[in-house]
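Colleague: Sharing a structure with you now.
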Amino acid sequence: MESLRTTKRHLLLWAGILWGTLLYAQTVDPLETYMEQTGMSEEAEEGGMADLYEQLEELSSQPLDLNNATREELEQLPFLTYQQLNDLLEYRHSVKTIRSWQELSLCGKFTPRTIQWLQAFTYLGAEKQIKPQLTWREIAQYARQEAVGYFKIPCYSRKGDDHAYAGDPYKHWFRYSFRYKQTVQAAFVGSQDAGEPFFSAPNHMGYDFYSFYVLLRNQGWLKAAVVGRFKLRTGMGLVMNNYNSFGKLANLEQLGRSSGILAGYSSRSEAYYLQGAAATFQLTRQLDFTAFASYRSMDATLNKDSLTVATLIRSGYHRTATELKKKNNTDQSVVGGHLSWRRQSLQLGLTALYTTFNRRLRPNTNTLYRRYAPQEREFGNASVNYAYTTGRYALAGEVAVDQQGYWATINKASFHLPNELSLTLVHRYYDYHYQALLSNSFGTNTSVNNEHGVYVGMQWNIWAHTQLIAYTDYAYFPWARYGVSTHSQAWDHYLAYRYQRGASTYDIRYHMRSKELDDKAKTDTKTVTTHRLQASFTTRMGQIESKTLAQVVCYDDVQQKWGWTAGQQMGYKGKGWQVWLSGNYFQTHDYNSRVYVYERNLTYTYSYPYCYGKGVRGVLSTSYTLPGQLTLSARATSTRFFDREVISSGYQQIDGRSQTDVELQLRYRF
């Protein structure tokens, strides 16, 4: 008890001293601001935000030329809505060259925040000129290359490290990328999770996971072509979308905005990539066609007959003998195409997809919520999508059907009203029989099936420095889900108030999620509700950035269970180096009342961890850039619990109260 009081006093004293150094402010980091504002609590656990962070890191290292970038290149910016994108292209066509950022406030529904984000990932280049023929000499002379190495050292021992895990307890990866503007891109990645064998059986070639691609864009009638591992999104994702979900706030802006987005895959996730080749051809001025083919191996749990698949596994862990046995034991083949027609404000698209496996999928359908899980070896899907924008409103949608004739549809309408008020309405209907293995779209479920829902959202820029964002989302599930053996429903409400002036930002968010689950006797359902309230104040004074935050959680399941956290984050950015320091005290009743805190991390790594129980968490991160674009970075995280003697369970169990990790990174640009 005395140690707890001492820790609290030290935290309060440290926060007070740092807070007292703040004297004046300027603008905060747009990339970090965007990631923190769009990533919300539980959605951060799904993994998609990490992919988004990597994508934006790449763009920030070599921004797009706003005056010369194509529509497909600008569609990589996740914060641009379909209507904003059209307004931008129409304005650029009329004036030929955008000469100042202030012009964007006149050409469409661009808020100061959106313009700030554009400045982080684009620049205003010279007037568009006829591009000279691409030569290898020019590519070699002006291309930018980057090599990154990462190593994570745990300052503790897990139970699995003693005898169960096949490899060392270190996580490490490397990444090499080559980029000539947006025209030629290539990347090669090797990744190793802690506990996986390295240069030993069965990983004789070193790393457990490798990924590579070569991408070419804008070569006459060839708009894009990729060889290796890639990702693709068509329509609104009801048939083809292996981009990870970005959560409701980030993903909503992309609905209906893009069709046939093709990109290389350089993520370290082993779950969602395609492997083979894909290309987009410009058939006419208005008509594009994208063709793709993929063949890859996947992890799976086999049934007792060792011939059929019980479950496809997406975790990517290969540490124990059991996990290694499941590695790449099932093959998947995918072929498909997407036809897109666009004329002025109208866009139409058609997608067809055929997927096969070398083993039959045979999940345990005796479990009620798996009754209509995908089965057999062959799957086919087709869809039609549309988008239309004019004046102050925009419409978009997609209708999809599988080979059994079951269907799914999603439709969106956006309205921009006077006084900087925007309204969004989304309706989706996903039949619980519908099967699309490569789909990923807007919704509450992790898959596109068994959901009927209506979303109503609002964004209101009340004054020059004040913004209000709110939404309510209702979902009905006609068939059983995990945790509930009958039809059920869920509500999701969100309200955010943000005041920003200069570099000072006041942010208050309230998020409420309600869902039905089985009661203990499994004879009826009960309603479980999670309330999450967060307040923060962020400012920057010269080279010092500060953020003070607090979060309160209430998990209401017959009995209310509470959790809270409070903390301080401080950063300093000087010439060539920067340092970031944060500390949080947390106290929760259990895992269900856990709290989340967004943390700064190293390049190409995203961190939005949760904490539960009682304890403190501290983070120290620093980086220094030497002459010649060599950057050395280090990060240390430590969590100490006051309410337990053992952390985690199973092979991940740590005997002790503290968990400390040290991360090292070397980054070289040339």
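Colleague: Using a cut-off of 16 Å between alpha-carbon atoms, which aspartates and glutamates can reach K327, once sequence neighbours fewer than 8 places away in the same chain are excluded?
Modeller: The reachable aspartates and glutamates, counting only those whose Cα sits under 16 Å from K327, are D193, E196, D208, E270, D299.
Colleague: Which residues make up the longest stretch of the chain clear of GluC sites (Glu not before Pro) that lie in a DSSP loop with no more than 10 other Cβ atoms within 10 Å, not counting the sites?
Modeller: 128-644
Colleague: A follow-up question, please. So for the chain, taking the charge dipole from beta-carbon charges (+1 Lys/Arg, -1 Asp/Glu), which of A263, T70, Y243 sits furthest toward the positive end?
Modeller: Of the candidates, T70 comes out farthest on the positive side.
Colleague: Please state the charge dipole magnitude for the chain, taken about the Cα centre, from unit charges on C-beta atoms (+1 on K and R, -1 on D and E), reported in debye and rounded to the nearest 20.
Modeller: In debye, rounded to 20, the chain gives about 760.
Colleague: Same structure again: What's the extension gain from D305 to V454 if we count 0.36 nm per residue and subtract their Cα-Cα distance?
Modeller: Gain in length upon complete extension: 49.3 nm.
Colleague: Work through the residues other than G574 whose Cβ is under 14 Å from its Cβ and net out their charges, Lys, Arg +1 and Asp, Glu -1.
Modeller: It works out to a net charge of +2.
Colleague: Something else: Straight-line reach from K547: which lysines have Cα under 23 Å away, leaving out those fewer than 8 places along the same chain?
Modeller: Straight-line reach from K547, under 23 Å: K8, K573, K575, K614.
Colleague: Let me ask something else. If we count every other residue with Cβ under 13 angstrom of K526's Cβ, Lys/Arg +1 and Asp/Glu -1, where does the sum land? Provide the component values of the computation, followed by the final result.
Modeller: On the way: positive: K515, K520, K522; negative: E516, D518, D519, D524, D556, D557.
Combined, the nearby Lys, Arg, Asp and Glu give -3.
Colleague: With 22 Å as the limit, write out which pairs from K248/K412; K181/K223; K515/K561; K181/K231; K159/K304 have Cα-Cα distances beyond it, or answer none.
Modeller: Correct reply: K159/K304.
Colleague: With label points built 7 Å along Cα→Cβ from the Cα atoms of Q375 and R137, find their separation and express it in nm.
Modeller: With each label placed 7 Å out from Cα toward Cβ, I get 6.5 nm.
Colleague: Using a 1.4 Å probe, what is the accessible area per residue for the chain, in Å²?
Modeller: Here the per-residue accessible area is 45 Å².
Colleague: Which residue, chosen from N203, Y180, Y497, occupies the Cα position most advanced towards the positive end of the dipole of the chain, where the dipole is computed from +1 (Lys, Arg) and -1 (Asp, Glu) charges on Cβ about the Cα centre?
Modeller: Y180
Colleague: Return the loop-located trypsin sites (Lys or Arg not before Pro) in the range 481-583 (DSSP other than H, G, I, E, B) with at most 13 other Cβ atoms within 10 Å of their own Cβ; answer none if there are none.
Modeller: Sparse-neighbourhood loop trypsin sites (Lys or Arg not before Pro): K520, K522, K575.
Colleague: Here is a follow-up. Any idea which of T280, N218, T603 is furthest toward the positive side of the dipole for the chain, if Lys and Arg beta-carbons carry +1 and Asp and Glu beta-carbons -1?
Modeller: Highest projection toward the positive end goes to N218.
Colleague: Considering only DSSP states other than H, G, I, E and B, which trypsin sites (Lys or Arg not before Pro) in the range 328-378 qualify as loop sites with at most 15 other Cβ atoms within 10 Å?
Modeller: Here the sparse-neighbourhood loop sites are R371.
Colleague: Return the loop-located chymotrypsin sites (Phe, Trp or Tyr not before Pro) in the range 454-499 (DSSP other than H, G, I, E, B) with at most 14 other Cβ atoms within 10 Å of their own Cβ; answer none if there are none. Before the final figure, lay out each step's value.
Modeller: Values: sites: Y455, W460, W463, Y471, Y474, Y476, W479, Y482, W491, Y494, Y497, Y499; in loops: W479, Y482.
Here the sparse-neighbourhood loop sites are Y482.
Colleague: Out of the total accessible area of the chain (probe 1.4 Å, heavy atoms of protein only), what percent is carbon and sulfur?
Modeller: In the chain, the share of accessible area belonging to carbon and sulfur is 56 percent.
Colleague: Determine the sum of side-chain charges near Q629: Lys and Arg each +1, Asp and Glu each -1, restricted to other residues whose C-beta is under 11 angstrom from that of Q629. Spell out each step's value before the answer.
Modeller: Values: positive: R144, R667, R669; negative: E146.
That sum, taken over residues with Cβ under 11 Å, equals +2.
Colleague: From the square roots a ≥ b ≥ c of the eigenvalues of the alpha-carbon gyration tensor of the chain, which class results: rounded (a/c under 1.5), prolate (a/b over b/c), or oblate?
Modeller: rounded
The values are calculated or read from the model by the stated rules, or taken from the named source; none is laboratory data. What you are looking at is a predicted structure, and each value in this text was computed from that prediction instead of being measured. Neighbour counts are summed over all protein chains in view; Cβ atoms, including those assigned to glycine, are modelled from backbone coordinates with ideal geometry. Just so you know, the surface numbers come from the protein's heavy atoms only, side chains and all, with ligands and any DNA or RNA stripped out. Shrake-Rupley method; radii C 1.70, N 1.55, O 1.52, S 1.80 Å.
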